[in-house]
Each structure stands twice: as C-alpha cells, then as structure tokens.
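Undergrad: Before I ask anything, let me first share the structure, which is written out below as structure tokens.
Values quoted throughout were computed directly from the atomic coordinates according to the rules given, and no laboratory measurement underlies them. Since this is a predicted model, take the numbers as computed values, not measurements. When we count neighbours, we look across all protein chains shown, and the Cβ atoms used for this are built from the backbone with ideal geometry, even at glycine.
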Amino acid sequence: TFISDTVPEAPQDPLFSVTSAFYDDPSDKKIDLSIGAYRDGKGKVWVLPVVKKAAALVALDPEYTHEYLPITGLVEFTDAARKVCLGAESGAIKERRVTSLQTVSGTGALHLGALFLSKFYRPNGIDKPPTIYVSSPTWSNHPQILGLAHLPIATYRYFDAANRSLDFAGMLADIASAPPKSVILLHACAHNPTGIDPSPAQWKQLASVMAERHHFAFFDSAYQGFASGSLDRDAAAIRLFASYGFEMCIAQSFAKNCGIYGQRVGCFHFITSPALDADVQDTLTRVGSQLALLQRACISNPPVYGARVVSLILNTPELFDEWAEDLRVMSGRILHMRQQLRIRLEQLGTPGSWQHITDQIGMFSFTGLTEEQCLLMQRAHIYMPLNGRISMAGLNLENLEYFVRAMDRVVR
Ligand code: PMP
C-alpha cells in the first residue's frame, strides 16, 4: 500500500472555486465579485502608481540583491510598518515595547501569532493551547489557520442577520462571558465578510470589558487605509487598545492597501504591557527569540522583494504622501459604488432596505442575498460566494446596471 492510498480529496476552497467558475464562463456579461482584490473603474487590475515608482527605484538600486533577509525580516520595513499601524507617536513604540517580524503577508502573520500562542500561552493554569474566539462569521481562512496551530476555536456573536447590522449586545456579552484571559481575534477595520465595524464608542466598551476580563487581543489588520481612505482612522481600534496598555498582538497585511497581493508583504507585532513587572527589553528578547525560532521552522526567512518596495514607500516622505493619495482613490471609488448601488436599488424599488450597503465599509458588502439567490445570480453570470458577500471592487459604472437588474430580479 502507498500513503497516498488513504488520502481523501479535500474540499475545494469555496471562494477560489467561485472565481474559477467565473474564468470558465465565456459570457461577455460576466462579473466577478468573489475575491477581495481591487479593480479600477474599468474592471482592470490596478497597480498603484506609487508601487510602480518604488519598484522602478528598487530595480535601479545597485545595493539591491536577492540575498536572504534576516529571519525576522527587513528592519527598515518592520520599523516603518509598526509606525503605520500604531502611529508614529505611539507610546508603545517610544517605550520600546514592540517586537516585530516580517511575515508572508497577513496570513503568515496570523499563522505565526497562532503558533506562538499555541505554544506559550497557558492562561488559568490549563496545560493545553488556549481557545481563540473569532467573530461569527469571520474570514473563512481564520479557522483553518488557527486550527493548523492547534488552537481550539469558539465564536462570539457578530452579525445580526435580521437587521443586517452588528449584534453588538451579543458580541459584548459573549466576550464578557468568555473565561478570563481568553484570546479574542478582532478585525481591526473593514470586517470580512460583513463590512460592518463597531463604532468608536463600541470599541471603547469592548476595550473596557476586555481589560476587566484580562483578555488578550489579537488584531487582524488587512485593510488599513483601504476602508476609509485614512490610515489613521482605520487604525483607531488598534491604537485605542494600545493606549489601554494591553499586552496584544497584530497581524498586519500590505496586500490590499499597497495592491501588492502576490508579493506577500506583512508583519507580525507583539506588544508588551506598560504594566509589566519584568524588564521590558529582557521580555522582548525572550518573546522575539521564540517568534524567530518559529519563523525559522516555518519559512526560514521572509521574501525580500516586496518588503523592499513597501519599505521604500513607507520611509520616503514623498512616496508616503503619494501612497495616501492612492488609498483615497481606491477607497473613494468603492464608497462611490456603494452609493450608486444603493441609489439604483432604491430607484427600482427592489424589495427590502438597502441602507446597509452604504453603512458597511471596506472591500466587501454582505448583501443579504440567500444561497438560493446567489445561485440565481451565478446563472446570470454574476459570481459571488453563497454567503451573499460581494467584493465591491468588482463593480464599476459599466457593469452596475446589469448587476442591479439581476439583483432586482432574484430578490423579487
Ligand atoms: N485577514 C483578513 C480578514 C483578510 O480578508 C485577508 C485577505 N483576504 C487576510 C487576513 C490576509 O491576506 P494576505 O495573506 O493576502 O495578506
């Protein structure tokens, strides 16, 4: 017998299989609303102008080589990435309470954090990996990544399906009743898949409850700057938690906000609390050395090219300003499409309320279409996952009318 004899076929990734069905469809009407990747007003992939410029500079740089990076990555990149999420004026940075590693995009950062917690976090004297609480629903890869690190998964309420809004009371109650010192995974902004974030006041309530319960916050930041167009606004939740003095960690992705998806540029940050009794630098050395050991086992060292490009953008004031402008272009177009979509559905009198489309933020809209309705949409050559989530970036002024008419038909 062979090992391969006993291997069952794994289910296809539900999202990528929708995308491949789109590619196989010969229709010229087809619309891909599955994968969360930005498209411009013509439906084309958009390389950010600032990324083009930085890539050209890297190509000309005689110092640029293809040598291995250190295990923890490119220092000028990780230092700058830390400032992007925590803010240049962050107390945690000034007090040197952060250790950072460059990772294989956001996914790699989530994985590294999950491995670290699985190996070293033993709250409440229980000698096994801690349970991690994720929102219901959450990004479909979260349970797979966390499960790979042997973290048991529990959920907290998040989406109120009846009202297509945040079930904040449920969220707060579930987080408050989780055992003390639980790990809570939070989407920093532009929640995937719902597009619904807590308000600033709600984030404060969450932070207070988490402080009372001594919970550990694990932030997933995949859309900073992409949601509102402002890097600062989209980092407000992370910065609020950091200002409370939590010990916490952040998985940071530059895939969406730099449109550099395939280059796999990301960062993992671990922040120690200012209330720590032990010496901070000694603590960071211990934590950082274990993270480096895990990183070595997983990937040896992170990829160099994308990190150089992003580092150049983050560390060159003119390029940074240009990046901020590119972020406004992407987020602005998406906000415009949200408005147009809602207006057209309301003009057609499509049954139901469509306010949630403009209340939601970021790459996705949770339309509220049922599985059956999503299948009908696919028959009309519109490809979206069966949970009713659409990638807003897939809509533009050329295909909006076709999309709206199809949606109107399947809802009636
Ligand atoms: N977290 C969330 C919530 C996401 O939506 C994504 C991208 N789809 C990621 C993390 C990670 O993406 P990447 O590995 O491409 O940075």
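Undergrad: Based on the Kirkwood radius over alpha-carbon pairs, what is the Stokes-Einstein translational diffusion coefficient of segment 63-116 at 37 °C with 0.692 mPa s viscosity, in µm²/s?
TA: 263 µm²/s
Undergrad: Going Cα to Cα from Lys29, which lysines come in below 23 Å? Please leave out same-chain ones fewer than 8 positions away.
TA: Candidates past the 8-residue exclusion: Lys42, Lys44.
Undergrad: Given the convex hull over the Cα atoms of segment 1-88, what projected area results after averaging over all orientations, in nm²?
TA: Approximately 12.4 nm², given one-decimal rounding.
Undergrad: Given segment 263-412, report the % of alpha carbon pairs whose separation exceeds 19 Å.
TA: Within segment 263-412, distances greater than 19 Å cover 68 percent of Cα pairs.
Undergrad: So for the chain, taking the charge dipole from beta-carbon charges (+1 Lys/Arg, -1 Asp/Glu), which of Gln224, Phe403, Ser182 sits furthest toward the positive end?
TA: Phe403
Undergrad: Can you list the chymotrypsin sites (Phe, Trp or Tyr not before Pro) in segment 43-84 that are in a DSSP coil and have 11 or fewer other beta carbons within 10 angstrom?
TA: Tyr68
Undergrad: Rounded to the nearest 500 deg cm²/dmol, what is the calculated helix-only ellipticity per residue at 222 nm for the chain, with -39500 (n - 2.57) per DSSP H run of length n ≥ 4?
TA: -14000 deg cm²/dmol
Undergrad: Just to be sure I understand: with springs between alpha-carbon atoms less than 10 Å apart, which residue in Glu76, Glu212, Glu63 has the highest mean-square fluctuation in the Gaussian network model of the chain?
TA: Looking only at Glu76, Glu212, Glu63, the biggest GNM fluctuation is shown by Glu63.
Undergrad: Next up: Give me the extension gain from Asp232 to Thr370: residue separation times 0.36 nm, minus the current Cα-Cα distance, reported in nm with one decimal.
TA: Extra length available between Asp232 and Thr370 comes to 46.2 nm.
Undergrad: In whole angstrom, and with the biggest value first, how far do the Cα coordinates of the chain range along each principal axis?
TA: Dimensions of the chain along the principal axes of its Cα atoms: 64, 60, 56 Å.
Undergrad: What is the antiparallel percent of DSSP beta bridges lying wholly in segment 177-314, to the nearest 5?
TA: So the antiparallel bridges in segment 177-314 amount to around 40 percent.
Undergrad: Among bridges DSSP assigns within the chain, what percent are antiparallel (round to 5)?
TA: That works out to approximately 50 percent antiparallel.
Undergrad: How much space per residue, in cubic angstrom, does the convex hull of the C-alpha atoms of segment 51-152 take up?
TA: Enclosed volume per residue, from the Cα hull, is 175 Å³.
Undergrad: Which entries in Lys128/Lys204; Lys53/Lys94; Lys83/Lys128; Lys30/Lys52; Lys83/Lys119; Lys83/Lys256 show an alpha-carbon gap greater than 23 Å?
TA: Among Lys128/Lys204; Lys53/Lys94; Lys83/Lys128; Lys30/Lys52; Lys83/Lys119; Lys83/Lys256, the Cα-Cα distance tops 23 Å for Lys128/Lys204; Lys53/Lys94; Lys83/Lys128; Lys30/Lys52; Lys83/Lys119.
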